[in-house]
Every structure is written in C-alpha cells, then in structure tokens.
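Here's the structure we're looking at; comments come further down.
Values quoted throughout were computed directly from the atomic coordinates according to the rules given, and no laboratory measurement underlies them. On a predicted model such as this, the values are computed, not experimentally measured, just so you know. Here the Cβ positions follow ideal geometry from the backbone for every residue, glycine too, while neighbour counts run over all protein chains shown.
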Amino acid sequence: MPPGMKPINLNIVLAGVGGQGTLVAGKLLGKLASRLGLDVKVSEVHGMSQRGGSVVTYVRIGRQVFSPVVETGTADFILAFEELEALRWASLLRSGGILLVNTARTIPLPVAMGQASYPDQIAAELEAKAGKKAQVRAFDALGLARQAGSVRAVNLVMLGALSQFLDIPETEFEQAIDESFAEKFRAVNHAAFRAGSAIMETKRE
C-alpha cells in the first residue's frame, strides 16, 4: 500500500440489473486492490445473463481474504445501481454501513406487463428504516453518466461516489480505470468517475 495509508478491510456489494456493468465495476475494484498490494475476492454470486435480470457482485478486500461471499449484515458499502435492487439487498448492510442508491429505475418485466407494481419512494423508505444505524445516499447516477458522455458509465459514477468514503488516493482509481478500459473509452469513464465523486462530495457538505 502507499505510505501513510491505513489498513483496509472492505466488504462491498454491487447490486444492479443485467447490462449496468456491476461485474466490470467489481473487476475494476479488484485491479485497485491489486495495485495496493491487497488480497481481493470478486464473485458474481447472483446473476442472469439477459439484460434486466438482477445481478449482484461481491467484492472483499483486505490483507488476506478467504471467502468471496458477503454475509447478511456485514457489507460496509452497498452500491445499488437501481432503486429496486437497493430494496432487495439492503439487509446485507452492516450497522454503520453506507448504501449508495442510483435513483434511476429499470422497470422489471412483470411491472411492464402490469402484473406487479414498482414500489414508490424506495430511497426515502430505506433512509427512514436506517435511521442513525446507517447512511443512505441517493442520487441520479444515470443522469450524471449521460452528462459525462455515456449512459453505460453508471458503474463509474457509482465508483466515483464510493471513492469519497475510502482512504485511497484518487490517482490509484485513475490508474485502475486506465488498466480496465481501452484508450478510446478512458476519457468518458474518467469523466463519469469524477462526476460521481463530485456529487457525493457535495452531498457530504
């Protein structure tokens, strides 16, 4: 690890739907951990290959990691790429943890077909339930990704938001982004990362 950095032990859950890039985000976090000389386990433990299916990626980082699974009540961070997935996986968050929620919605097939309804005010409900036990930060990651130049960059917006809570130099994230994407995609992903970091910095003030 870079000199002066505190020891890092992190359990991170990336929860979204197919096509949102949760696994890509998990692999980028894996590269970041490797750059810091840390052990890392990345596992897509729930997933459906088709676009729109629920996908959950676990990332565990530390000096030594034995299991890739994040148990109920042990996640330091949950990055919910979609509101309904935030509701679905909130139980994994530990006391004192942080839930980052993209407020953009992806309508599931049963809702689109009129067989079910999409819950209202999910982020507000989660915040009320969390009380002082955890933090819930909701923001429009899709809108920020679009402004950065690609709606496919929601995952980098979410990682940018996460970076505001980690004692890891931003330059390490930048290097991990460069290692994860071809040169032609780097500029938009850097822009999306900075947008997520900036919005979370503003929300923390």
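The table that follows gives values for the structure above.
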item: Residue-by-residue Karplus 3J(HN,Hα) for segment 77-82, coefficients 6.51, -1.76, 1.60, Hz, glycine and proline x; result: 9, 10, 9, 9, 6, 7
item: Gyration tensor verdict on segment 89-205 (Cα atoms; rounded if a/c is under 1.5, prolate if a/b is larger than b/c, oblate otherwise); result: oblate
item: Pairwise label distance in nanometres, Ala198 with Asp120, each label 7 Å out on the Cα-Cβ vector; result: 3.4 nm
item: For segment 83-103 and segment 149-171, distance of Cα centres in Å; result: 17 Å
item: Total charge dipole magnitude, segment 53-154, about the Cα centre, Cβ charges on Lys, Arg, Asp, Glu only, Debye to nearest 20; result: 320 debye
item: The chain: angle of helix 22-35 to the longest principal axis, Cα-based, in degrees nearest 10; result: 20 degrees
item: The chain - convex hull of alpha carbons, volume per residue in Å³; result: 121 Å³
item: ³J(HN,Hα) computed for each position of segment 176-192 - Karplus, 6.51 cos²θ - 1.76 cosθ + 1.60, integer Hz, glycine/proline x; result: 5, 5, 4, 6, 9, 10, 4, 4, 5, 9, 5, 4, 5, 6, 5, 5, 5
item: Between helix 154-163 and the chain: long-axis angle, C-alpha atoms, 0 to 90°, nearest 10; result: 50 degrees
item: Net lengthening on full extension, Thr171/Ser91 (0.36 nm per residue, minus Cα-Cα); result: 25.6 nm
